[in-house]
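Below: one structure, written as structure tokens.
The values are calculated or read from the model by the stated rules, or taken from the named source; none is laboratory data. These numbers come from a predicted model, not from an experiment. Cβ sites come from the backbone with ideal geometry, for glycine too, and all protein chains shown count toward neighbours.
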Amino acid sequence: MNIILFDDHGRNDLLPLCYTRPCGDMRLGILTIQEKWQHHLSQRTSWLTQDYLKTKYTTTYTKDNTYINGRLLPDENVLSAIKNLTLEHALVQGDIVLAYRTAKNLDLEAVEQELEHPTQYADEVSTINFCYDIFSKNGTEIEKDFALLTKGRISASLSSTNTVIGDQLFVEEGAEVEAAILNTTKGPIYIGKNSTIMEGAMIRGPHALCEGATIKMGAKIYGDSTIGPQCKVGGEVSNTVFFSNSNKGHDGFIGNSVVGEWCNLGADTNSSNLKNNYAFVKLWNYTKKRFINTELQFCGLIMGDHSKCGINTMFNTGTVVGVSANIFGASFPRNFIPSFTWGGATGFATYSLNKAYETARIVMLRRNQELNEIEKDILAHVHATSSEHRIWEKQTSQI
């Protein structure tokens, strides 16, 4: 089978995180959704996504294609069902297409509308339906990925300066860990290749520190948290997922949150994850264009790629920040901040595309990566399509 991960109609409920990537390129647990499927199926996958993302996320077709929903998380039962699909048969649950095996080279619309021989899948499946599902399901996914990645392998050793509690620890080669406290009694801790845990850090499982990432001195990392590749994180973190290449290098709290790629949280940034009245948190939804009830008591910050905030920024419970926003100033900004926004509680202006390019170029060079024309075109598309949310543009100039 040739595996293609496709974005379905649920993709817009995952904005702003999917403005700049297909659904299957989101990280939760240790791996991205794509990486999970590749490990389970022992083969590469390609993408079927939005037109403006196709230059970066390309599609490979053959005469035997299995399209798998990019929001679907693999488990033993659904894996078996997909492997047993025959040509021109589909696996569905309600109005969600889980997988479709066909000789046809389909586009996004056709995958969902031109099914032949659909079969209702009766077992429970795990899908990412909203941004908050990423942190809500992260602990379970860490445990599943830990078992997948460490089966039959021997962990690298740690120095005697560390305190390890429990026996669910795996350390990849090249990791540097000194004078840390690692508690695995509530779940596994995975320490990725060439990662660093500095002195005095306290970490409780389930936890994933991915390749090349760094936990700063004295950090307090609670369970169900993932620090993605090349991220640098300090302070207090609880049940939060950092995708990759993002920084929270200083003190300050973040909990029940998702931070995209190329983000930076200034020193002493704090994000509330619980309302004063303990009520369920409402979160901005791009599909409904209003705040929806998450039915969660704990929900913090959702931040899209390339967004930044200044020192001492205070985020309200259930704040959504779009792509390439720059937030600063005293007091709490509003709890929906559109993409390409410049400002804070005292007001917003539009962050011009050229200035956003320049910032992104500098930031990416710090990780030895280039802001190429493909990345610029993606940001330009997001800038144009997100303008409807920047309601001040008719009255204010761009920064």
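Give the number of residues within region 1-49 that are more than 18 Å from residue 243 (Cβ to Cβ) and either in contact with a Leu (Cβ under 9 Å, 6 or more places away or on another chain) or among the aromatic types (Phe, Trp, Tyr) (or both). Outline the logic, then answer.
So in region 1-49, the residues more than 18 Å from residue 243 (Cβ to Cβ) come out as 1-4, 6, 8-10, 12, 39-46, 48.
Those left that are additionally either in contact with a Leu (Cβ under 9 Å, 6 or more places away or on another chain) or among the aromatic types (Phe, Trp, Tyr) (or both): 1, 3-4, 6, 8, 39-41, 45-46, 48.
Residues flagged as more than 18 Å from residue 243 (Cβ to Cβ) and either in contact with a Leu (Cβ under 9 Å, 6 or more places away or on another chain) or among the aromatic types (Phe, Trp, Tyr) (or both) within region 1-49 amount to 11.
Kindly establish whether residue 106 is among the aliphatic types (A, V, I, L, M) and touching a helix residue (DSSP H, G or I) at 6+ places or on another chain (Cβ under 8 Å).
Details: among the aliphatic types (A, V, I, L, M): yes; touching a helix residue (DSSP H, G or I) at 6+ places or on another chain (Cβ under 8 Å): no.
When the stated conditions are applied, residue 106 does not pass them.
Let's see how each residue does on (1) exposed (fewer than 15 other Cβ atoms within 10 Å of the Cβ); (2) over 30 Å from residue 190 (Cα atoms); (3) touching a residue at least 60 places away in the same chain (Cβ under 8 Å):
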{"residue": "97", "(1), (2), (3)": "no, yes, yes"}
{"residue": "117", "(1), (2), (3)": "yes, yes, no"}
{"residue": "143", "(1), (2), (3)": "no, no, yes"}
{"residue": "164", "(1), (2), (3)": "no, no, no"}
{"residue": "171", "(1), (2), (3)": "no, no, no"}
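Would it be correct to say that residue 315 is farther than 18 Å from residue 128 by Cα, at pLDDT 95 or above and surrounded by fewer than 20 Cβ atoms within 10 Å (Cβ to Cβ)? Steps first, answer last, please.
On the way: farther than 18 Å from residue 128 by Cα: yes; at pLDDT 95 or above: yes; surrounded by fewer than 20 Cβ atoms within 10 Å (Cβ to Cβ): no.
No: the conditions fail for residue 315.
Scan region 53-84 residue by residue and report those that are surrounded by fewer than 16 Cβ atoms within 10 Å (Cβ to Cβ) and either assigned to a strand (DSSP E or B) or among the hydrophobic types (A, V, I, L, M, F, W, C) (or both).
Listed by number, the list holds a single entry, 79.
Residue under question is residue 223, and the condition is that it be in contact with a strand residue (DSSP E or B) (Cβ under 8 Å, 6 or more places away or on another chain), of a type in the set (Gly, Ala, Ser) and surrounded by fewer than 20 Cβ atoms within 10 Å (Cβ to Cβ); does it hold? Before the answer, list the steps.
Numbers: in contact with a strand residue (DSSP E or B) (Cβ under 8 Å, 6 or more places away or on another chain): yes; of a type in the set (Gly, Ala, Ser): yes; surrounded by fewer than 20 Cβ atoms within 10 Å (Cβ to Cβ): yes.
Yes, satisfied.
Determine whether residue 50 is polar (S, T, N, Q), surrounded by fewer than 24 Cβ atoms within 10 Å (Cβ to Cβ), touching a residue at least 12 places away in the same chain (Cβ under 8 Å) and in contact with an Asp or Glu (Cβ under 9 Å, 6 or more places away or on another chain). Steps first, please.
On the way: polar (S, T, N, Q): yes; surrounded by fewer than 24 Cβ atoms within 10 Å (Cβ to Cβ): yes; touching a residue at least 12 places away in the same chain (Cβ under 8 Å): yes; in contact with an Asp or Glu (Cβ under 9 Å, 6 or more places away or on another chain): yes.
Yes, satisfied.
Output the qualifying pairs, or none if there are none: Cβ atoms under 6 angstrom, residues six or more apart or on different chains, first residue in region 352-369 and more than 24 Å from residue 386 (Cα to Cα), second residue modelled with pLDDT of 95 or more.
367/230; 367/245
Quick check, is residue 36 in contact (Cβ under 8 Å) with a residue 40 or more places away in the chain, among the charged types (D, E, K, R), under 28 Å from residue 227 (Cβ atoms) and not in a helix (DSSP H, G or I)? It would help to see each step written out before you state the result.
Working: in contact (Cβ under 8 Å) with a residue 40 or more places away in the chain: yes; among the charged types (D, E, K, R): yes; under 28 Å from residue 227 (Cβ atoms): yes; not in a helix (DSSP H, G or I): no.
It is false that residue 36 is in contact (Cβ under 8 Å) with a residue 40 or more places away in the chain, among the charged types (D, E, K, R), under 28 Å from residue 227 (Cβ atoms) and not in a helix (DSSP H, G or I).
Residue by residue, here is whether (1) under 22 Å from residue 18 (Cα atoms); (2) within 25 Å of the chain's Cα centre (by Cα) holds:
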position: 79; (1), (2): no, yes
position: 97; (1), (2): yes, yes
position: 103; (1), (2): no, no
position: 120; (1), (2): no, no
position: 157; (1), (2): no, no
position: 162; (1), (2): no, no
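Select from region 294-352 the residues that are of a type in the set (D, E, K, R) and within 23 Å of residue 366 (Cα to Cα) and list them in ascending order. Spell out how you get there, then give the answer.
Residues of region 294-352 of a type in the set (D, E, K, R): 295, 305, 308, 334.
Within region 294-352, 305, 308 meet the criteria.
Restricted to region 247-275, and to residues that are at positive phi and of a type outside the set (Phe, Trp, Tyr), which residue is nearest to the chain's Cα centre (by Cα)?
Pass one, region 247-275, residues at positive phi: 252, 256, 262, 268.
Filter once more, so that each one left must be of a type outside the set (Phe, Trp, Tyr): 252, 256, 268.
Working: 252: 21, 256: 12, 268: 22 Å.
Here the answer is 256.
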